[in-house]
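J.: Before I ask anything, here is the structure I am working with.
The values are calculated or read from the model by the stated rules, or taken from the named source; none is laboratory data. Please read all numbers here as calculations on a predicted model, not as lab measurements. Note: ideal-geometry Cβ built from the backbone for every residue, glycine included; neighbour counts use all protein chains shown. Just so you know, the surface numbers come from the protein's heavy atoms only, side chains and all, with ligands and any DNA or RNA stripped out. Shrake-Rupley method; radii C 1.70, N 1.55, O 1.52, S 1.80 Å.
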Amino acid sequence: TASATVTATPATTPDAPTLNTITPGNQQLSAAFTAGGTGGSAITTYQYSTDGGTYWSPRRYGTTASPLIILGPSDVAGALRNGTSYDVQVRAVNAQGPGTASATVTATPDTTPDAPTLNTITPGNKQLSAAFTAGGTGGSAITTYQYSTDGGTTW
């Protein structure tokens, strides 16, 4: 008697995800991505690199869904540094191992600026002149300053 024929496709590592956007945050980046092919085996996690693919860190939080929060390399204490550029890549992992990496996208984490220090206020004719010392930039260039004359209710 003849045995039944069974057709099977061997699994392989996942295809590269596509990095759609990276949103900067305070000492972190949020990488929105579109998954690539699974390689015939379910995706179990994602990994990321902040140095163009030399070192890979495991996803720390969340499921396998987009976005991926990038907090910094797992072998380094602390988080990403605001104002520092990172070459980000993402790759999927299944039971067969890590897949192909996404294209590299450069991103820079940042936050709001620190408060300036108000040094002196000099009264003038229907005006005030405020001398101040700038605070930290938060990782991004300061584009303007605002002032309030009513305790911060309006700016």
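Condition check ((1) closer than 30 Å to residue 20 by Cα; (2) part of a loop (DSSP other than H, G, I, E, B)) across all residues:
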position: 103; (1), (2): yes, yes
position: 106; (1), (2): yes, no
position: 112; (1), (2): yes, yes
position: 120; (1), (2): no, no
position: 130; (1), (2): no, no
position: 138; (1), (2): yes, yes
position: 145; (1), (2): no, yes
position: 151; (1), (2): no, yes
position: 154; (1), (2): no, yes
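J.: When you look at residue 5, is it of a type outside the set (Lys, Arg) and either open to solvent by 50 Å² or more (accessible area, probe 1.4 Å) or part of a loop (DSSP other than H, G, I, E, B) (or both), yes or no?
T.: yes
J.: Scan region 48-59 for residues that are part of a strand (DSSP E or B) and within 12 Å of residue 71 (Cα to Cα) and report the count.
T.: Matching residues across region 48-59 total 4.
J.: Only one residue in 115, 79, 141 is of a type in the set (A, V, I, L, M) and in contact with a strand residue (DSSP E or B) (Cβ under 9 Å, 6 or more places away or on another chain), so which one is that?
T.: 79
J.: For region 84-96, give me each residue that is closer than 17 Å to residue 11 by Cα and open to solvent by less than 30 Å² (accessible area, probe 1.4 Å).
T.: 92, 93, 94
J.: Going through region 11-40 one residue at a time, which ones are within 16 Å of residue 94 (Cβ to Cβ) and buried (at least 17 other Cβ atoms within 10 Å of the Cβ)?
T.: Once the filter is applied, which keeps residues that are within 16 Å of residue 94 (Cβ to Cβ) and buried (at least 17 other Cβ atoms within 10 Å of the Cβ), region 11-40 yields 13, 14, 16, 17, 33, 35, 36, 38, 39.
J.: Checking residue 99 against (1) open to solvent by 50 Å² or more (accessible area, probe 1.4 Å); (2) closer than 20 Å to residue 31 by Cα; (3) touching a strand residue (DSSP E or B) at 6+ places or on another chain (Cβ under 7 Å), which test does it fail?
T.: The single condition residue 99 does not satisfy is (1).
J.: When you go through (1) touching a strand residue (DSSP E or B) at 6+ places or on another chain (Cβ under 8 Å); (2) within 30 Å of residue 136 (Cα to Cα) one by one for residue 84, which number turns out not to apply?
T.: The failed condition is (1).
J.: Related question: Which ones in region 123-132 are open to solvent by 80 Å² or more (accessible area, probe 1.4 Å) and closer than 18 Å to residue 148 by Cβ?
T.: 123, 126, 127, 128, 132
J.: State whether one or more residues within region 105-119 are more than 30 Å from residue 8 (Cα to Cα), surrounded by 16 or more Cβ atoms within 10 Å (Cβ to Cβ) and of a type in the set (Asp, Glu).
T.: Taking every residue of region 105-119 in turn, at least one turns out to be more than 30 Å from residue 8 (Cα to Cα), surrounded by 16 or more Cβ atoms within 10 Å (Cβ to Cβ) and of a type in the set (Asp, Glu).
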